[in-house]
Amino acid sequence: MISSAVAQRYAQALYTETTTIASVTGDVNLLIETLDNSPELEQCIKSPVVPRHKKSAVLQTLFAEHLHAVTLRFLQMLVERGRESLLRMILDRFLALADESQGIIPVQARVYSELSPDEQARLQNVLSTHLNRTVRLHVTKDPALIGGIVLKIGDTVYDGSVQHQLTLLHARLHVQA
């Protein structure tokens with residue numbers, strides 16, 4: 001809970017400090033992609049064993065030529081203050097702030113099998129029309145669903161999966177028996 005509040009404050013600080021939201025948002029996306037593709041880097045940054053000056057040097061070496069100066073200073077400040085373990089949470093919160101300010105709503109979709117680009121575009125268009133907002137769609141494959149789709153929009157979950165329908169049917173049958 002405290003980590004979440006701290007991450008929110010740092011994300012808000014980066015957002016308010018930023019005059020060029022688009023470039024810093026690009027930097028944040030690059031950092032997230034890099035952390036996703038390099039668990040070793042994320043572990044190095046989070047590790048309490050690795051000295052702060054080495055973390056700072058690693059970040060400087062890897063990102064000096066690729067990040068906006070504001071973003072790089074922000075990363076260095078996180079390391080100096082010992083908040084680097086919250087980096088991923090801060091980055092996610094920053095993107096949420098940027099999306100909110102632009103009227104974009106993130107939607108998580110879990111599906112049984114991969115959606116084609118056309119299917120994803122159609123789903124995104126339907127959701128945008130229904131919600132009357134721009135939708136940022138993130139689709140993940142989940143074979144446990146058996147079929148159908150589960151949508152998470154904000155704090156609301158819409159479960160249209162076959163797995164969920166079978167669970168409901170099973171519960172109804174047990175109540176009637």
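At a Cα cut-off below 17 Å, give the lysines reachable from Lys54, other chains included and same-chain residues fewer than 8 away excluded.
Once the sequence-local lysines are set aside, what remains near Lys54 is Lys46.
When the helices in the chain are scored as -39500 (n - 2.57) per DSSP H run of 4 or longer and the sum is shared across all residues, what 222 nm value do you end up with, to the nearest 500 deg cm²/dmol?
Helix-only estimate at 222 nm: -20000 deg cm²/dmol.
Pull up the cross-link candidates among the lysines for Lys141, meaning alpha carbon to alpha carbon under 27 Å and not fewer than 8 places away within one chain.
Lys152
How big is the equivalent ellipsoid of the range 2-100 along its three axes, where each semi-axis is √(5λ) from the Cα gyration tensor, reported in whole Å from largest to smallest?
After diagonalising the Cα gyration tensor, the semi-axes are 20, 15, 12 Å.
When Lys and Arg each count +1 and Asp and Glu each count -1, what net charge do the other residues less than 13 Å away from Gly82, Cβ to Cβ, add up to? Please list the in-between numbers first.
Numbers: positive: Lys46, Arg52, Lys55, Arg81, Arg83; negative: Glu80, Glu84.
Neighbourhood net charge equals +3.
Give me the one-decimal nm value for the distance between modelled label points at Ile32 and Gln163, 7 Å along each residue's Cα-to-Cβ direction.
2.3
Under the Karplus relation 6.51 cos²θ - 1.76 cosθ + 1.60, θ = phi - 60°, what is the ordered set of whole-Hz ³J(HN,Hα) values for the range 147-156, x standing for Gly and Pro?
Result, ordered by residue: x, x, 8, 10, 10, 10, 10, x, 9, 9 Hz.
Across every pair of different alpha-carbon atoms, what Kirkwood hydrodynamic radius in Å does the chain reach?
Computed over Cα pairs of the chain, the Kirkwood hydrodynamic radius comes out at 18.7 Å.
Output needed for the range 54-136: three equivalent-ellipsoid semi-axes, defined as square roots of 5 times the C-alpha gyration tensor eigenvalues, in descending order, whole Å. Don't skip to the end; give the middle numbers.
Values: eigenvalues 242, 45, 29 Å².
Those come to 35, 15, 12 Å.
Given 5 Å bins starting at zero, what is the percent of C-alpha pairs of the range 105-176 in each, up to the one with the largest pair distance?
Whole-percent P(r) values from 0 Å outward: 3, 17, 23, 23, 15, 9, 6, 4, 1.
Quick note: the coordinates plus some simple rules give every number you see, no bench work behind them. If you're wondering where the values come from, they're calculated on a predicted model, not measured in any experiment. Don't worry about glycine lacking a Cβ; one is built from the backbone with ideal geometry, like all the others, and counts go over all protein chains shown.
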